[in-house]
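To start, the structure under review is shown below, and the notes come after it.
The values are calculated or read from the model by the stated rules, or taken from the named source; none is laboratory data. Being a predicted model, the structure only gives us computed values, none of them experimental. Glycine gets a Cβ as well: all are built from the backbone with ideal geometry, and neighbour counts include every protein chain shown. Only protein heavy atoms, including side chains, enter the accessible area calculation; ligands, DNA and RNA are left aside. Shrake-Rupley method; radii C 1.70, N 1.55, O 1.52, S 1.80 Å.
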Amino acid sequence: MREAPIGVFDSGVGGLSVLAEIQHLLPHESLLYVADCGHIPYGEKTPEFIRQRCSVMAGFFREQGAKALVLACNTATVAGVADLRRDYPDWPIVGMEPAVKPAAAATRSGVVGVLATTGTLQSAKFAALLDRFAADVKVITQPCPGLVELIESGDLHSPELRTLLQGYVTPILAHGCDTIILGCTHYPFLKPLLRSMIADDVSLIDTGAAVARQLHRLLAERDLLAQGMNLPVKFWTSGDPQSLRKILPLLGQIPSNVQNFDL
Ligand code: DGL
C-alpha cells in the first residue's frame, strides 16, 4: 500500500502548480494526474456538475489503486470535497481553499485581495472561511473569468493576458490591499506577470505548499509514505492529449505521454 500512487486532479493544468509542490516535498511518491480539460472552466459550472465530476475522478483513482486523493482545485474543493469525504471516509483526501487565514494574519494594511473563480467566490464554503478568519480585515474579492482559458492555451505572457489580468488587479490594489490570495491553482503560473504589475511590498499567497504538507501529514499518520523509487507521473486528460503534452514543459513538468480520459 505504501508504494501505491496518489491521485491528483484539476479542471485542467492549474493543478500542476500543486503537483510540483507535492513532487518537491514527497519525491518518492508515484503520482497520477487527471486534467479534466474537456469540462473546463469549472469556475463557471454549477456545483452539482462539479460534484459529479469529483465523483467520477474519485471512482477512477480508486480503480487505479490510489492510496490518497488530492483535489488540486479550489473550485472542485468548495463544491465537492464534503461529498467525497462522506463517500470515502477512510481514504485520505486533501482539498484546498483560498488562503484567507494566512493572508489575514500577514496583512499590514488590513486589506486583503482574493483572485479566484466565480464558483469559489460564490460558494458557502468561502463565505464560511471569511466569517471564520477574516472578521478583522477587509476582503476584496475579484472573480477572474477568462484567465484560466488563456493559461490552458499555454499563454502566460501575451498582451491580451496582461490587459485582462491588469483589469482584475487594479481594482483590488485601489482598495489598498497589500496581500493578494491566488485562490485558483491556475494563477500561480501568472506570478511573474503579476509581480511586474504590483509593488514589491504586496505579497502573493497561494496554498500549493500547504496542500503538500497536509498530504505528507495524512500519509505519515497512516504509515503510508512511499519508501522506494517513484514512477514517472502518469497523465490523463478529458481534452486533447496532444495539447496537454505540448504544454507540460511550459508548466514545469517533463514532456510525458498523456492518455485519453473518457469518463
Ligand atoms: N484551477 C481551478 C481552481 O483552483 C479552477 C479553474 C477553472 O475554472 O476550471 O479553482
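In summary, K246 fulfils each of the numbered conditions (1) in contact (Cβ under 8 Å) with a residue 12 or more places away in the chain; (2) open to solvent by 70 Å² or more (accessible area, probe 1.4 Å); (3) over 24 Å from D155 (Cβ atoms) with the single exception of condition (3).
Would the range 94-105 turn up any residue that is more than 14 Å from the ligand (Cβ to nearest atom) and touching a Ser or Thr at 6+ places or on another chain (Cβ under 7 Å)?
yes
Restricting the first member to the range 183-210 and to residues that are free of Cβ contacts under 8 Å to residues at least 24 places away in the same chain, and the second to residues that are more than 14 Å from the ligand (Cβ to nearest atom) and hydrophobic (A, V, I, L, M, F, W, C), the beta-carbon pairs closer than 8 Å and six or more apart or on different chains are K191/L204; R195/L204.
With respect to being within 30 Å of V258 (Cα to Cα) and basic (K, R), K138 falls outside the description. Selection of first residues in the range 38-54 that are farther than 11 Å from G119 by Cβ and near the ligand (Cβ under 7 Å from one of its atoms) and of second residues that are among the charged types (D, E, K, R) and part of a helix (DSSP H, G or I), restricted to Cβ pairs under 9 Å at least 6 apart or on distinct chains, gives the following pairs, ordered by first then second residue: I40/E149; I40/E152. Taken together, V148, V94, V100 contain a single residue that is closer than 21 Å to G176 by Cα and not acidic (D, E), which is V100. Restricted to the range 121-154, and to residues there that are part of a loop (DSSP other than H, G, I, E, B) and hydroxyl-bearing (S, T, Y), the residue that is most open to solvent (accessible area, probe 1.4 Å) is S153. Selection of first residues in the range 142-157 that are within 21 Å of T170 (Cα to Cα) and of second residues that are open to solvent by 20 Å² or more (accessible area, probe 1.4 Å), restricted to Cβ pairs under 6 Å at least 6 apart or on distinct chains, gives the following pairs, ordered by first then second residue: Q142/Y168; P143/T118; P143/L121; C144/Y168; G146/L164; V148/P41; I151/F189; L156/F189.
Residue-by-condition table, conditions (1) assigned to a helix (DSSP H, G or I); (2) away from the ligand (no atom under 15 Å from the Cβ); (3) modelled with pLDDT of 95 or more; (4) surrounded by 13 or more Cβ atoms within 10 Å (Cβ to Cβ):
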position: L156; (1), (2), (3), (4): no, no, yes, yes
position: V169; (1), (2), (3), (4): yes, yes, yes, yes
position: C177; (1), (2), (3), (4): no, yes, yes, yes
position: C184; (1), (2), (3), (4): no, no, yes, yes
position: P188; (1), (2), (3), (4): yes, no, yes, yes
position: K191; (1), (2), (3), (4): yes, no, yes, yes
position: L194; (1), (2), (3), (4): yes, yes, yes, yes
position: I198; (1), (2), (3), (4): no, yes, yes, yes
